[in-house]
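To start, the structure under review is shown below, and the notes come after it.
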């Protein structure tokens, strides 16, 4: 478990980019006292989370707090108390954000993390060298900038190196605790094609001081 969390108070989680709550609801089930904040850019996704929460027993549903938020420009502190979150998750979230807006998103998340290295931010995202990136590399019109591409449906994808991901969080006083690049070879037997997928997974400890106090 991340950090030393007093047993007298519930753990507070934040799921950024919650979709339909596939992380939020298992957390509620696993921890009978947890408070789970979850946000997404999509109003439709958040509406689905609200409906799922309303279907739970009242005491359980009251522990999940879904809200719509663009973390690149809307303050999380409008919905989540500053310095209150023990664990935040960003799973395939940052890669969908323009590199010019990533720092704003990380600063925003940092603002609600429990300070003094008591909070943890858990990240999982695409890694440079992934098969999809190699396919993009053959199509110049889909390349927006280094390691940043636009898909055919208009969504975007950034592919992180360990250094770029670590640097993004360290700029806001967060400390790298663990980072690994995972690789998996998937074979399409029908087509006889091997697909090498790569993603990066990391844990960062929250800043010793609030994000808004950093230079």
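The values are calculated or read from the model by the stated rules, or taken from the named source; none is laboratory data. Here the structure is a predicted model, which is why all the values come from computation and not from measurement. As a convention, Cβ positions derive from the backbone with ideal geometry for all residues, glycine included, and neighbour counts pool all protein chains shown.
When 88, 104, 96 are screened for being in contact with a helix residue (DSSP H, G or I) (Cβ under 9 Å, 6 or more places away or on another chain) and under 26 Å from residue 148 (Cβ atoms), only 88 passes.
Considering the stretch 1-26, the residues that are closer than 22 Å to residue 177 by Cα and either modelled with pLDDT under 95 or in a loop (DSSP other than H, G, I, E, B) (or both) include one that is farthest from the chain's Cα centre (by Cα), namely 6.
Of everything in the stretch 93-106 that is part of a loop (DSSP other than H, G, I, E, B) and either buried (at least 17 other Cβ atoms within 10 Å of the Cβ) or at pLDDT 95 or above (or both), the residue that is nearest to the chain's Cα centre (by Cα) is 93. For the stretch 5-41, filtered to residues that are touching a helix residue (DSSP H, G or I) at 6+ places or on another chain (Cβ under 9 Å) and exposed (fewer than 14 other Cβ atoms within 10 Å of the Cβ), the residue that is farthest from residue 91 (Cα to Cα) is 32. Among the residues of the stretch 27-47, the one identified as under 20 Å from residue 124 (Cβ atoms), part of a helix (DSSP H, G or I) and modelled with pLDDT of 95 or more is 45. Scanning the stretch 66-90 for residues that are buried (at least 18 other Cβ atoms within 10 Å of the Cβ) and closer than 18 Å to residue 28 by Cβ yields 66, 80, 85, 86, 87, 88, 89. Output yes when any residue across the stretch 67-84 is over 19 Å from the mean Cα position of the chain (by Cα), more than 23 Å from residue 116 (Cβ to Cβ) and either modelled with pLDDT under 95 or not in a helix (DSSP H, G or I) (or both), and no when none is. No, because not a single residue in the stretch 67-84 is over 19 Å from the mean Cα position of the chain (by Cα), more than 23 Å from residue 116 (Cβ to Cβ) and either modelled with pLDDT under 95 or not in a helix (DSSP H, G or I) (or both).
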